[in-house]
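Presented below is the structure to which this report refers.
We did not get these values from a lab; they are worked out from the coordinates using the rules stated. Since the structure is predicted, the reported quantities are computational estimates derived from the model, not experimental observations. Virtual Cβ from ideal backbone geometry, glycine too; neighbours counted across all protein chains shown.
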Amino acid sequence: MFGRAPKKSDNSRYYEILGVPKTASPDDLKKAYKKAAIKNHPDKGGDPEKFKELAHAYEVLSDPEKRDIYDQYGEDALKEGMGGGGGMHDPFDIFSSFFGGSPFGGGGSTRGRRQRRGEDVVHPLKVSLEELYAGTTKKLSLSRNVLCSKCNGKGSKSGASMKCTGCQGSGMKVTIRQLGPGMIQQMQHPCNECKGTGESINDRDRCPQCKGEKVVQEKKVLEVHVEKGMQNGQKVTFPGEADEAPDTVTGDIVFVLQQKEHPKFKRKSDDLFVDHTLSLTEALCGFQFVLTHLDSRQLLIKSQPGEVTKPGSYKAINDEGMPMYQRPFMKGKLYIHFDVEFPDTLIPDQVQALEKILPPKPLSQLTDMEIDECEETTLHDVNIEEEMRRKQVQQQEAHDEDDDTHGGAQRVQCAQQ
């Protein structure tokens with residue numbers, strides 16, 4: 001049985017609401033709705049009724065079947081149910097499905113809107129090289145905000161709140177500043193009246209435990225496990241342990257390891273470096289000494305019989321470096337850098353004794369006559385780094401003075417012209 005065709009009524013109002021002609025394509029409708037919805041969104045101070053009208057108009061015209069009925073018979077036909085179930089949807093649902101969530105934050109419906117994520121709290125944690133070598137656990141006491149248990153983070157005894165009049169519930173205010181003729185600067189900042197929440201609570205209704213703040217302070221002890229072989233700058237994260245806030249995904253507490261400088265050992269990745277100074281006798285005749293490691297073990301370090309150690313040379317010991325992170329049974333190398341301490345002077349008897357046992361000096365290729373024709377020189381002790389630094393400063397001063405002289409001459413020439 002066929003129903004009677006409805007009476008034809010106005011079929012242009014929805015197009016006028018969106019500001020498009022009746023011939024508008026689906027893409028044109030989409031663009032028009034997006035532009036108008038952002039402009040009239042209640043969270044941006046727009047008219048809620050106008051926003052609902054926009055949403056309803058787009059809901060009808062974006063559906064090919066409903067649009068066909070509207071074009072032929074107008075709004076009355078849709079109200080009578082010819083559009084396949086025509087109740088008006090929540091405009092925030094349409095906005096959320098269209099834009100992937102309201103972009104304005106604060107106020108309005110929360111359905112379909114992505115929760116804001118709280119900030120991470122980052123703390124530096126100083127650790128010694130010994131602790132990174134052997135591993136350790138540090139207990140740290142921290143204070144953080146947690147949702148009030150008495151009001152469940154509502155801030156009020158009744159759970160009710162009002163839209164902040166200062167920001168119209170958006171939680172943000174816009175300040176416009178004149179920079180100059182025709183130039184303005186627009187800045188957005190959290191509303192100082194509601195502290196960015198978009199809500200205000202009646203003084204009489206405030207929660208007695210949190211005083212309307214929605215959160216209270218809590219002290220918590222965290223155990224930070226520093227594993228063997230961790231590096232300077234490595235992070236230890238406690239997910240979801242930062243400050244809590246209503247309608248917010250709690251951020252993380254992050255500890256960043258900061259290695260303290262060691263007086264003896266230097267670390268490079270998984271290797272350790274240590275300097276050791278030998279006497280001239282040890283360098284020539286052999287040495288033996290004890291090195292206390294980072295875990296207090298005593299390592300006996302000795303040279304091979306007849307081995308001569310040259311100044312600046314390195315020796316390596318396998319598997320005595322740092323443990324490798326998450327592979328603590330594997331270790332890097334321990335490198336020993338040798339320096340040799342020479343005596344300042346020798347008495348003639350010592351020189352003669354050494355000449356007898358050391359390899360002979362190379363024969364001089366110069367005759368006495370040639371030596372007489374040479375000019376004698378005197379060697380002086382010098383700190384080469386300090387000497388080079390001093391010369392660099394002198395050169396820079398001379399260069400600056402030269403620039404000033406040339407610059408002054410050019411200015412005089414310009415003045416004469």
Under unit Cβ charges (Lys, Arg +1; Asp, Glu -1), what dipole magnitude, rounded to 20 debye, does the range 302-355 have relative to its Cα centre? 600
First check a/c for the range 153-280, with a ≥ b ≥ c the square roots of the eigenvalues of its C-alpha gyration tensor; if it is under 1.5, answer rounded, and if not, answer prolate when a/b is larger than b/c or oblate otherwise. oblate
Can you find, among Phe287, Thr277, Leu299, the residue sitting farthest towards the positive end of the charge dipole of the range 265-341, where Lys and Arg contribute +1 and Asp and Glu -1 at Cβ? Leu299
Using a/c under 1.5 as the rounded threshold, could you call the range 282-364 rounded, prolate or oblate? The axes a ≥ b ≥ c are square roots of the C-alpha gyration tensor eigenvalues, and prolate needs a/b larger than b/c, oblate otherwise. prolate
Give me the extension gain from Lys268 to Glu130: residue separation times 0.36 nm, minus the current Cα-Cα distance, reported in nm with one decimal. 48.2 nm
With each pseudo-label sitting 7 Å past Cα toward Cβ, what's the Arg116-Gln231 distance in nm, one decimal? 3.6
Taking 0.36 nm per intervening residue step and subtracting the Cα-Cα distance, what contour gain separates Ser143 from Tyr325 on full extension? 62.5 nm
Shape verdict for the range 170-233, please, from the Cα gyration tensor: rounded (a/c under 1.5), prolate (a/b greater than b/c) or oblate. oblate
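Taking the Cβ-Cβ separation of Glu373 and Val351 as r and a Förster radius of 30 Å, what is the calculated FRET efficiency to the nearest 0.05? The partial results should precede the final answer.
Details: r = 27 Å, r/R0 = 0.91.
About 0.65, to the nearest 0.05.
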Measure off 7 Å from each Cα along the Cα-to-Cβ vector at Arg204 and Glu218, then give the distance between these two points in nanometres to one decimal. 3.3
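Fully extended, how many nm does the chain gain between Tyr314 and Asn192 (0.36 nm per residue separation, minus their Cα-Cα distance)? Spell out each step's value before the answer.
Numbers: separation 122, 0.36 × 122 = 43.92 nm, distance 6.41 nm.
Additional length available on full extension: 37.5 nm.
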